[in-house]
Amino acid sequence: MLAFMHMDCYDVVMHIDVIPNRGSPPAVLLRESYRNEEGKPRKRTLANLSALPDDAVDAVKRVLGGETLVSADDAFQIIRSRPHGHVAAVVGTMKRLGLPELLSTRKHRNRQLALAMIAARILDPCSKLATAQRLSADTLGSSLGEVWGVENADADDLYEALDWLFGGQARIEKKLAARHLEEGGRVLWDATPVPLESHTCALAVFGRAKKGGAQRQVVFGLLATSKGIPVAVEVFAGNTSDAKTVGPALDRVQDRFGLERITMVGDRGMITDARIEDELRPRGVDWITALRAPAIRTLWKEGPLQLSLFDDQDLAEIRSPDFPGERLIACRNPLLAADRARTRQELLGATESKLQTIVDATQRTRRPYRGEARIGVRVGKVLAHSKVAKHFRYTITDDAFTFERDETSIAEEAALDGIYVLRTTVPSDELDAEGVVRAYKDLSEVEQAFRVMKDFGLEVEPIRHRLENRVRAHIFLCMLAYYVRQHMEHALAPLLLTDHDSEGAEARRDSIVAPAHRSHVGELKVRTQQTGEGDPARSFDTLLADLATLTKNDTQVEGTQITFEKYAQPTLLQEKAFRLLDVSPRL
């Protein structure tokens, strides 16, 4: 309807205001009256109609008053429309989080371009060239370019802004640390490889990918709070092991952020014995990590880890002289035990099948496989990829190959199925055993960040930059985009498929060791694909796509050159989304 539109649960009414001017003709203004989020009446000017003749102004008044002099299509023409609601949601959240001030307290072009690139990474991740094209006033894929005032930017401008962003990374991360970290608190640290297509970047080194095999890549580590809020990112050469990233992470926390007493939480491949002795202990840093399988087996064989501990419980605190000054939290997860037993049997069966093929090749009548060395090479290839080589005994001769399962080895491993042991130096009066397990499981928050940054949404990979600092800046920009998206997902959780009833989910858990369960609310969402209020439950990306249908329109008064901006009427679902985000679609 032309006369008014509903937005943010308050009415917006268009009308004509005539403002007297001393010694000059009065100003005739097309205005909107509305109530803001606090319920206070406000006005905003849409257009100056002073140049119109009196009869034209009178006609506009009457149309706005509801009279049908001409159709709305004849009175006002939409001359341009662009998707806007999703932009308002992202940019409004960025402003609410104080991201512009975080990047720079002074408004300037590079800051605005960097902000536009961060928003674009959430809205429509693509190359810098494609981003510049979509910001352009000529194409206007959305209202993003005009919102940040960068409609005339080209790819070179974006690269310059990316360089500026990298130059401010240390300062920005220090602000984030001051906002989210505190002395004596916990930090999460993990690292992951990312493919890099450049052949000239010094960071691009062949390394082992998480999914196996070798690839030209870089490794980046993410530092986060115990709630998974990203604070800093560090980029390393592609052949850097996880453990080698711990020292630089501690340098950043202690030297740059000025936090002396912290607890670092990392997995068993990150916080190793060597890192503890060389990095953490000398710095006075506490840690929470897990033991590797050989260390757990030693605890079991030497006595501290008794399987009878788990007869009536799934968690027990033990001590060992091999770990002086440390607490060991032994846990047993029955579901994990069953999964490992099933996986082991599958691997044993698959390996036996491949080994039997070699046996058959040595026994066939026509051209039998011969040669101890040749047979050994073939057997070695099978066992090298089997992950269960230790569970087989075999004999190789010049004309025969035999094998059998090592049932003793299998039984020893099976006895420890589902058991893991955490180690920490945090005193029990600061963090009890359950708290240690919960803190270690918080690492799943960083794993979730990696999934979003790499696979679902932000598309940090593949990286095509040639310059080392551009690679670092690109990953830092993606971290800032995740910072915004994470806050948005948390706020929008009631509308998403996400289980937002964390207390209900925790109540359904038998113990902290047991796997997490969805709450009843979360299960209902998944089963019905609806929210508690009956709205379709969506993914984050599909909700953004829905918000994009709220358009920003350049509207022209027919027969004049007078234009003003008019927003489409938000749907009830869009209103809920903006209310949850605590932002206005009008920015």
Residues K95, K128, K107, K40 arranged by fewest to most Cβ contacts within 10 Å: K40, K107, K95, K128
Linear extension gain, S33 paired with A293, 0.36 nm per residue minus alpha-carbon span: 86.8 nm
Per the C-alpha gyration tensor (a ≥ b ≥ c, the square roots of its eigenvalues), the stretch 476-578 is rounded if a/c is under 1.5, else prolate if a/b beats b/c, else oblate; here it's prolate
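What size of dipole, in debye to the nearest 20, comes out for the chain about its Cα centre when the only charges are +1 on Lys and Arg C-beta atoms and -1 on Asp and Glu C-beta atoms?
I would put it at about 1360 debye.
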Prolate/oblate/rounded call for the chain, Cα gyration tensor, a/c under 1.5 rounded: prolate
Label points 7 Å out from Cα along the Cβ direction at A137 and Q356: separation in nm? 7.5
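What FRET efficiency would be calculated for the residue pair A545, S24, taking the C-beta separation as r and a Förster radius of 45 Å, to the nearest 0.05?
Here the calculated transfer efficiency is 0.40.
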The answer for chymotrypsin sites (Phe, Trp or Tyr not before Pro) in the stretch 390-484 that fall in a DSSP coil and have at most 15 neighbouring Cβ atoms within 10 Å is F456
If you take the square roots of the eigenvalues of the alpha-carbon gyration tensor of the stretch 415-565 and sort them as a ≥ b ≥ c, do you get rounded (a/c under 1.5), prolate (a/b over b/c) or oblate? oblate
Taking H placed 1.01 Å from N in the peptide plane, check which residues at least 5 places from L305 or on another chain put their amide H under 5 Å from its amide H. W300
Calculate the length of the line joining the C-alpha centroid of the stretch 74-118 to that of the stretch 271-322, in whole Å. 50
Neighbour-count order for I122, I396, fewest beta carbons within 10 angstrom listed first: I396, I122
For each of L383, L144, count neighbouring Cβ atoms within 10 Å of the residue's Cβ, then give the residues from fewest to most. L383, L144
Mind scanning K525/K552; K525/K566; K441/K576; K95/K175 and naming the pairs with a C-alpha gap bigger than 24 Å? K525/K552; K525/K566; K441/K576
So, with points 7 Å from each Cα along the Cβ direction, the E197-A170 label distance in nm works out to 3.3
Using the beta-carbon distance between D17 and Q254 and R0 = 51 Å, what value does 1/(1 + (r/R0)^6) give for FRET efficiency, to the nearest 0.05? 0.25
At what distance in angstrom do the alpha carbon centres of the stretch 506-562 and the stretch 13-64 lie from each other? 37
So what is the relative contact order of the chain, in percent, for Cα pairs below 8 Å that sit 6 or more residues apart? 19
Sorted by chain and then number, the residues having a modelled amide H within less than 5 Å of the amide H of A548, at least 5 places away or on another chain, are H86
Using square roots of five times the C-alpha gyration tensor eigenvalues, list the equivalent-ellipsoid semi-axes of the stretch 324-400 in whole Å, biggest first. 37, 15, 7
So for R0 = 60 Å, FRET eff. of A389-R579 from the Cβ-Cβ r, to 0.05, ends up at 0.55
Environment charge at F403 (Cβ cut-off 11 Å; Lys +1, Arg +1, Asp -1, Glu -1): 0
How long is the gain from A514 to E404 if the chain were fully straight, where each residue apart is worth 0.36 nm and the alpha carbon distance is subtracted? 36.0 nm
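Rule-based calculations on the coordinates, nothing more; no lab input. From a predicted model like this one, the values you see are computed outputs, not experimental measurements. When we count neighbours, we look across all protein chains shown, and the Cβ atoms used for this are built from the backbone with ideal geometry, even at glycine.
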